[in-house]
Each structure stands twice: as C-alpha cells, then as structure tokens.
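Right, one structure below, let's go through it.
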Amino acid sequence: MENTTVLEKFLGLEFPGRKFNKEQFDFLLGYSIKEPRDTERTLIDRLYGKSVFKSVDDFYQNNRDVELAKIRLQGLRNKYSTPARRNGFRSFKNFVDWWCNQEGKCCYCEVDEKVSMAAFEKEHITSKKTAWKNGILQIERENAGGEYIPENCKLACVLCNNAKSDMISAVDFEKFFADATKNYWDFIKAKLDGVDTKINLCDTCVHTFAECDSNPKFGDGIGNDNVYECDKYEEALIHK
Ligand SMILES: [Zn+2]
C-alpha cells in the first residue's frame, strides 16, 4: 500500500470530517510517514517558501490539526520502534495501515480508545505505571510467544492486555473474561456520562447500578432511565 493511501486512511479514521489541504497533507507525508523522513524545517521551506513561517512553532500554531496528527503519528512511531516490531511489520507505513485496520477498539471487550483515554484522564481508573495511565490501546500478540507480525497482533485495552498477559489464550480470554471487562467499561462510561452510579437504580431489577452487576444495557435518558434492561429482568418479573 502506498504512503499516501495509508496517510489518507489514518486521517480519515483519526480526524473524521476535518480537511487537510495539499501542503498540510504533504507535510505529514514527508515528516511522519515516509522513510527516511525529511526535517520539519526542510518541508516547510519546500512546501510554503522560506518566508512564510518564522519558525517550526509558528507553522504549528497556524496548523493545529497538523500538529495533533504529527503528535499522534509520533506516538505510533514510538510503539513501532522496537527491533522486534520493526522486523515484524517491515515498515512504519505497514504498521500504520495495520493500526487503522484495528479501528481504535480493543479486540476483546471492544472498548473505544477514546473511552479508555478519557477514563484515565478523568481518573476513573488510575495507575502508577506510565505506560498504562494514558489509556492508549496496547499491542497484543494473540499468540503471546509468537512474533510481532500483523497477523499475530491486535489492539487490546490496558485491562484486557494485562489480565490476559502471557497466561491465558486468546480463545479462553474471549470466553471467560471479555464480557466482564465490557461490563466494567459500561460502568466507567456511565461515570464519564455523569451518571451517579451509586444512586441510580436499575429499572428492571431495582438494585443500584453498582450492585446490579448484571450486564445492564443503557438508555439515553438521565436518572433511572439510564439503565433500562439487565440480565435479571426475567427474575425481577417473577418476583413482582
Ligand atoms: Zn479490552
């Protein structure tokens, strides 16, 4: 796949609806995707002429989305830059392409990376480990002893990846743990949405949300309407 196609794919996924003009696109292509990379100053001079931006900072101040995309791509490059991953993925372009194919979700519990990042940012989940506390999805090898090749790699959230570690197979993790993690993320999502999880009752089983613990499904109202159905629904009907 071409460098340009990979960058288009990345920007479409990470910055939906935002337009990058030709110079901005070419800047990201030359600085963030291509190998070997050009320097920022060289690219700015080539794309805009020498007198348009006083400094690299001046360029970024006038091109905020470009700076955000650059930072994000640098984060991916850091993940890619271990000998084992370079070896397995063969090029940064391939790595970005693989990353885009994961669609920003944990392969087990399907939590969206934005939710995971927000959970750590708002301190609904905390960790002393630097590598965990940004909430960014991690590279998980389905076969933990296998190589870092695209076919063996998926993205997993920090909770799934560390619970599974090298102890549990992907199949068993899916079977025994994925639903529990999904359930926990629903609870965190409710907190992020400002639901008071201590006082809100489950509409159907009449427990508080925290006690309900039974795969509750969310409505879009506030108050008691937040949880509209849980696995204890049938049981609750019998006791009415
Ligand atoms: Zn997960």
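The table that follows gives values for the structure above.
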| read-out | value |
| --- | --- |
| Residue list for the range 125-151, restricted to those being within 16 Å of the ligand (Cβ to nearest atom) and either β-branched (Val, Ile, Thr) or not in a loop (DSSP other than H, G, I, E, B) (or both) | 125, 136, 138, 139, 140, 141 |
| Failed item, numbered, when residue 25 is tested on (1) surrounded by 15 or more Cβ atoms within 10 Å (Cβ to Cβ); (2) without any contact (Cβ under 8 Å) to a residue 12 or more places away in the chain | (2) |
| So residue 71, is it β-branched (Val, Ile, Thr), within 30 Å of residue 41 (Cα to Cα) and within 16 Å of the ligand (Cβ to nearest atom) | no |
| Helices (runs of 4 or more DSSP H) fully within the range 39-124 counting 3 or more residues that are surrounded by 15 or more Cβ atoms within 10 Å (Cβ to Cβ), under 12 Å from the mean Cα position of the chain (by Cα) and in contact (Cβ under 8 Å) with a residue 40 or more places away in the chain | 113-121 |
| Subset of the range 169-188 that is of a type in the set (A, V, I, L, M) and under 19 Å from residue 113 (Cβ atoms) - its residue that is farthest from the ligand (Cβ to nearest atom) | 188 |
| Condition check for residue 13: more than 30 Å from residue 175 (Cβ to Cβ) and not small (Gly, Ala, Ser) | no |
| Residue match in the range 152-168 (condition: crowded, with 18+ Cβ neighbours inside 10 Å, over 20 Å from residue 188 (Cα atoms) and away from the ligand (no atom under 16 Å from the Cβ)) | no |
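Rule-based calculations on the coordinates, nothing more; no lab input. In this text the structure is predicted, and so the values were computed from the model without any measurement. No Cβ is skipped: glycine too gets one built from the backbone with ideal geometry, and neighbour counts run over all protein chains shown.
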